[in-house]
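Peer 1: Below you'll find the structure I mean.
The values are calculated or read from the model by the stated rules, or taken from the named source; none is laboratory data. This is a predicted model, so every value here is computed, not measured. Cβ coordinates were reconstructed from backbone atoms using ideal geometry, including for glycine residues, and neighbour counts include every protein chain displayed. Each accessible area value is taken on the protein alone, full model and side chains, heavy atoms only, with ligands, DNA and RNA left out. Shrake-Rupley method; radii C 1.70, N 1.55, O 1.52, S 1.80 Å.
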Amino acid sequence: MGMILYYVPEGPPSLAVMMALKHFQIDYKLVEVDFPKGEHLKEEYEKMNPQKEIPTLDDNGFFLSESTAILQYLAEQYKKDDPIYPNEAKKRAIVNHRLAFNVASYYARIVDYAVGPIFFDYERAPGGLKKLNYVLAQFDTILERQNTKFSAGDNLTIADFALVAATLCLEAIDFSLAEYKHITKWYNTFKQEFPELWTIAEGGMKELNKYNSNIPVFPLLDHPIHPVRK
């Protein structure tokens, strides 16, 4: 049956997983989930993913959700001698920290400020901007003190896929990162050294940018979990 990724083309978690699949040279099939039509809320999808979130990985009948868990699974299964997910405990702990930081703080604040207002019924506000700048300052400090090329060391790790996918949301809304020189350097280094991976990320970023320029209204997305913009 092979591997299938259920995804949305502009979704940062989907993009992070797609970059990992590309890096590990895994053959897989993409199945787009129509978010505006609520396909992720249907019973067929819920059987694969009770959280009704996107993406979902189907590896020959093994279903896995949560992009961080998917990244870790792919690395465990396919990395071989690749240092992208280190075996040494302390090095792996740093990667796991960056992944946890992304989910709990970095992407959480970015999606609240940058992505949420594109699709849901609220505006960008000073409070959200303050929280965003706070977490950007945290990440910039982490990168400064670590003083390495990538987010968890001198080599690329799966944490970079997640953090790059989060950061591109800011580029999509033309948010300047000039104040955060270490984030800027890390982000540009990824683009320059892994253009084949950035091509995947850039496609999603451009979709978000298009939506940000022309805020969509999804009349079919009228559900208490995902309230439609009015």
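Peer 1: Go through the range 1-59 and count every residue that is within 18 Å of the chain's Cα centre (by Cα) and within 19 Å of residue 84 (Cα to Cα).
Peer 2: 12
Peer 1: Does residue 120 meet the test of being in contact (Cβ under 8 Å) with a residue 12 or more places away in the chain, of a type outside the set (Gly, Ala, Ser), out of contact with any Leu (no Cβ under 8 Å at 6 or more places or on another chain) and within 25 Å of residue 24 (Cα to Cα)? Give the derivation first.
Peer 2: Values: in contact (Cβ under 8 Å) with a residue 12 or more places away in the chain: yes; of a type outside the set (Gly, Ala, Ser): yes; out of contact with any Leu (no Cβ under 8 Å at 6 or more places or on another chain): yes; within 25 Å of residue 24 (Cα to Cα): no.
It is false that residue 120 is in contact (Cβ under 8 Å) with a residue 12 or more places away in the chain, of a type outside the set (Gly, Ala, Ser), out of contact with any Leu (no Cβ under 8 Å at 6 or more places or on another chain) and within 25 Å of residue 24 (Cα to Cα).
Peer 1: If you go through the range 162-176 one residue at a time, how many are among the hydrophobic types (A, V, I, L, M, F, W, C) and over 8 Å from the mean Cα position of the chain (by Cα)?
Peer 2: So in the range 162-176, the residues among the hydrophobic types (A, V, I, L, M, F, W, C) come out as 162-166, 168-170, 172-173, 175.
Cutting the leftovers down to over 8 Å from the mean Cα position of the chain (by Cα) gives us 168-170, 172-173, 175.
Of the residues in that region, 6 qualify.
To keep it simple, each residue is scored yes or no on (1) in contact with a strand residue (DSSP E or B) (Cβ under 9 Å, 6 or more places away or on another chain); (2) at pLDDT 90 or above; (3) closer than 26 Å to residue 139 by Cα.
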site	(1), (2), (3)
2	yes, no, no
10	no, yes, yes
14	yes, yes, yes
21	yes, yes, yes
27	yes, yes, no
44	no, no, no
74	yes, yes, yes
84	no, yes, yes
93	no, yes, yes
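Peer 1: Same structure, new question: Has the range 118-140 got at least one residue that is assigned to a loop (DSSP other than H, G, I, E, B), touching a His at 6+ places or on another chain (Cβ under 9 Å), open to solvent by less than 70 Å² (accessible area, probe 1.4 Å) and modelled with pLDDT of 95 or more? Steps first, answer last, please.
Peer 2: In the first step, residues of the range 118-140 are kept if they are assigned to a loop (DSSP other than H, G, I, E, B); the result is 120-125.
Applying the additional criterion that residues be touching a His at 6+ places or on another chain (Cβ under 9 Å) yields 120.
Remaining after also requiring open to solvent by less than 70 Å² (accessible area, probe 1.4 Å): 120.
With the extra rule that they be modelled with pLDDT of 95 or more, the set shrinks to none.
The answer is no, given that none of the residues of the range 118-140 is assigned to a loop (DSSP other than H, G, I, E, B), touching a His at 6+ places or on another chain (Cβ under 9 Å), open to solvent by less than 70 Å² (accessible area, probe 1.4 Å) and modelled with pLDDT of 95 or more.
Peer 1: Please work out if residue 149 is open to solvent by 50 Å² or more (accessible area, probe 1.4 Å), within 16 Å of residue 164 (Cβ to Cβ) and of a type outside the set (A, V, I, L, M).
Peer 2: Details: open to solvent by 50 Å² or more (accessible area, probe 1.4 Å): yes; within 16 Å of residue 164 (Cβ to Cβ): yes; of a type outside the set (A, V, I, L, M): yes.
Yes: the conditions hold for residue 149.
Peer 1: Report the residue count in the range 31-88 for those that are open to solvent by 10 Å² or more (accessible area, probe 1.4 Å), assigned to a helix (DSSP H, G or I), out of contact with any Pro (no Cβ under 7 Å at 6 or more places or on another chain) and closer than 18 Å to residue 21 by Cβ.
Peer 2: So the count comes out to 8.
Peer 1: Could you check the range 181-221 and list, in sequence order, the residues that are at pLDDT 95 or above, touching a His at 6+ places or on another chain (Cβ under 9 Å) and open to solvent by less than 80 Å² (accessible area, probe 1.4 Å)?
Peer 2: 194, 197
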